[in-house]
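Novice: Next up is a structure, given as structure tokens.
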There are 4 protein chains.
Amino acid sequence: MTKGRLEAFSDGVLAIIITIMVLELKVPEGSSWISLKPLIPKFLAYIFSFIYVGIYWNNHHHLFQTVKKVNGGILWANLHLLFWLSMMPIATEWIGTTGFAENPVATYGIVLVLCAIAYSILENVIIRCEGENSKLKEAIHSKNKENISIIFYILGIATSFFYPYIAIGFYYIVALIWLIPDRRIEKSLKDN
Amino acid sequence: MTKGRLEAFSDGVLAIIITIMVLELKVPEGSSWISLKPLIPKFLAYIFSFIYVGIYWNNHHHLFQTVKKVNGGILWANLHLLFWLSMMPIATEWIGTTGFAENPVATYGIVLVLCAIAYSILENVIIRCEGENSKLKEAIHSKNKENISIIFYILGIATSFFYPYIAIGFYYIVALIWLIPDRRIEKSLKDN
Amino acid sequence: MTKGRLEAFSDGVLAIIITIMVLELKVPEGSSWISLKPLIPKFLAYIFSFIYVGIYWNNHHHLFQTVKKVNGGILWANLHLLFWLSMMPIATEWIGTTGFAENPVATYGIVLVLCAIAYSILENVIIRCEGENSKLKEAIHSKNKENISIIFYILGIATSFFYPYIAIGFYYIVALIWLIPDRRIEKSLKDN
Amino acid sequence: MTKGRLEAFSDGVLAIIITIMVLELKVPEGSSWISLKPLIPKFLAYIFSFIYVGIYWNNHHHLFQTVKKVNGGILWANLHLLFWLSMMPIATEWIGTTGFAENPVATYGIVLVLCAIAYSILENVIIRCEGENSKLKEAIHSKNKENISIIFYILGIATSFFYPYIAIGFYYIVALIWLIPDRRIEKSLKDN
């Protein structure tokens, strides 16, 4: 089986997830600048989630560069990742409407952890499918980046109940770590 | 005519169907955990339908692996399938908002039956188009899986008027049967 | 310039148009069968529009089979067609919520005429771009189907102010004429 | 890395942005013609934004014709452009619901400027990635069109606080300048 449709379907779902979040930015009642004020936390939350979905799209793109063919396991591991990513819009909206309140920020962190775990599972399923000579396995010797991310997410979730803005800071650091697409894969692809 | 655009269009529609269902998970008013409570049945219904649409996408993917070229009949049989699948979001929402009530669960079952029939029609139209040496015909000697599914759906619909949760159990069994993508097609493709 | 992205973008827009219409089928308040009653006209309108957008997708698919390369004129003629097709969801909703009232049915007919004209313009722009040996020109000697459609639409619009259901009948006849994808193009492609 | 998925993802996002704007055209309560009246400014705003997103899609299409391979920088510059384009629906809705009021028209202009800047950044990142022999650099000797556009946008924003309709006129002139897809790129592609 070829990977073409898996990529096309994932692109479609990610494009919808990233754009659906805009629907939450409801237009203000009046035309004064002050009427825009309640949009500010929603807008900040939108920027943040846009970057996160963008990161996942970039890394998904890199990940499947190494993949030659797909099987049933990869299809489902990919759908599992898309499922948790589809929780991003609602988590974003909860943050935005409550103005970065404690529980919503914690929930957002939980969604991020679940996405990270789903991504890691997808990597493992691909490596198992490819067997001994997996290019991906070669590219990701250690899962340092993945492990550090999960630690920061957990720190963020724990902090969110006391200082939600600091929690956002932790999530932000993980975003920065991943903003640069996976050089390990780019490097490995070049070497082969 | 090539199958490329039929696949791309179907991927697009399925990606939208699967993601539109998230829009029904309306964000709670407050930021307390209790305010999430009414979301629980909606969330369970979403998971269930996500898996079902995922199953259809997987099997659609497998089905068209065997197809070389398409004609007007296949285009319309495919649109017919997409039409019934597009009823999934509204059926899901009705289950979610009523908390798995009798009529909504029965309606959900009816939508599932109509999707299954539409899928079966699509299989038949493809086989008729390909003629004698149809790879798909070879792959699906018997339609056992299809027939068992319809029996379970009908059992589910009948049960739903008395015990909606048991009805969901019947639908769940069918999902498990199909969760494993169609090995018959994978096997047949390998043999050729 | 290749036609790949024009097809992909059109598939995306058409997939969204066809699926957005489902969002108008708002879930009933209660769980009784009677609560489904106001959905009936909306559901009928949805079926009708689904078929119409399906027809346009099929014919668009056929149309671009003959096209080798695209220019700026074709890009804009295509966007013009997509613009009028994007009016289908709102026209459908107006029919559905008013239960096939006079003005909405007339408006629906006007949208159908504008789509038909936009499609015809797209055909002409493609033929002009391809020049003398246009395969499409060969395929469509006469524009009988196009002309008959517009006559029926106008009859429908005129009738809609007195008997909206008869107007829908006229629109339905045009749908039947086009339901069979454009054999003229299929035949012409085979001959070459 | 190939550009295929970047194009597919961008097509998806642009298709959703262009179609989401239709959702703002809420169906009128009654079935009289007068009930359509509040839709008129929204409809005009929709046409305007449809053309603008169409222009960006056309130019994006032209831009990536020259690109052979993509890197992380291009992926992010492209996401940055998509982010500002995703602000179009909400800016359009604000114009439409307030009937072309001062602040909304100014905001619309600001969004247009930010899209133009993001497009310009994307061009620069592509040129830097391609290095000395960049086809795109050759095609765009001077950035006259880009610079004139930004001047007109700023004129529009300044005017919008006094005469919003004249501001729309300025934005309209820029649309006319770009309506014709980038001949510079078409010409350059032909020469090579």
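Novice: For region C:77-101, which positions are without any contact (Cβ under 8 Å) to a residue 40 or more places away in the chain and aromatic (Phe, Trp, Tyr)?
Specialist: The answer is C:Phe83, C:Trp84, C:Trp94.
Novice: Considering each of D:Ile17, D:Ile110 in turn, give the residue that is modelled with pLDDT of 95 or more and either assigned to a helix (DSSP H, G or I) or among the basic types (Lys, Arg) (or both).
Specialist: Just one listed residue meets the conditions, D:Ile110.
Novice: Would you point out the residue of region D:114-126, among those that are β-branched (Val, Ile, Thr) and surrounded by fewer than 18 Cβ atoms within 10 Å (Cβ to Cβ), that is nearest to the chain's Cα centre (by Cα)?
Specialist: It comes out as D:Ile117.
Novice: Check C:Thr92, C:Thr66 and return the single one that is at pLDDT 90 or above and β-branched (Val, Ile, Thr).
Specialist: C:Thr92
Novice: Quickly run through region C:10-19 and pick out the residues that are touching a Ser or Thr at 6+ places or on another chain (Cβ under 9 Å) and under 17 Å from C:Leu122 (Cα atoms).
Specialist: Matches in region C:10-19: C:Val13 only.
Let's see how each residue does on (1) more than 9 Å from chain C (Cβ to nearest Cβ); (2) without any contact (Cβ under 8 Å) to a residue 40 or more places away in the chain:
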position	(1), (2)
D:Phe9	yes, yes
D:Ile17	yes, no
D:Val22	no, yes
D:Lys26	no, yes
D:Leu39	no, yes
D:Tyr52	yes, no
D:Asn58	no, no
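Novice: Somewhere in region B:41-49, is a residue outside any helix (DSSP H, G or I) and without any contact (Cβ under 8 Å) to a residue 24 or more places away in the chain?
Specialist: No, every residue in region B:41-49 fails to be outside any helix (DSSP H, G or I) and without any contact (Cβ under 8 Å) to a residue 24 or more places away in the chain.
Novice: Does D:Glu93 satisfy the condition of being within 26 Å of C:Leu81 (Cβ to Cβ) and facing another protein chain (nearest Cβ under 10 Å)?
Specialist: Spelling it out, D:Glu93 is indeed within 26 Å of C:Leu81 (Cβ to Cβ) and facing another protein chain (nearest Cβ under 10 Å).
Novice: How about region C:60-79: which of its residues are under 14 Å from the mean Cα position of the chain (by Cα) and either hydroxyl-bearing (Ser, Thr, Tyr) or within 9 Å of chain D (Cβ to nearest Cβ) (or both)?
Specialist: Of everything in region C:60-79, just one residue is under 14 Å from the mean Cα position of the chain (by Cα) and either hydroxyl-bearing (Ser, Thr, Tyr) or within 9 Å of chain D (Cβ to nearest Cβ) (or both), namely C:Leu79.
Novice: If you don't mind, there's one more thing I want to ask. Please enumerate the residues belonging to region D:145-179 that are part of a helix (DSSP H, G or I) and more than 17 Å from the chain's Cα centre (by Cα).
Specialist: If the condition is that a residue be part of a helix (DSSP H, G or I) and more than 17 Å from the chain's Cα centre (by Cα), then D:Leu155, D:Ala158, D:Thr159, D:Ser160, D:Pro164, D:Tyr165, D:Ile166 are the ones that fit.
Novice: Given (1) assigned to a helix (DSSP H, G or I); (2) away from chain D (no Cβ under 14 Å); (3) more than 30 Å from C:Ile166 (Cα to Cα); (4) of a type outside the set (Ser, Thr, Tyr), identify the lone condition not met by C:Cys129.
Specialist: Answer for C:Cys129: the failing condition is (2).
The values are calculated or read from the model by the stated rules, or taken from the named source; none is laboratory data. Worth saying up front: this structure is predicted, and the values here are computed from it rather than measured. No Cβ is skipped: glycine too gets one built from the backbone with ideal geometry, and neighbour counts run over all protein chains shown.
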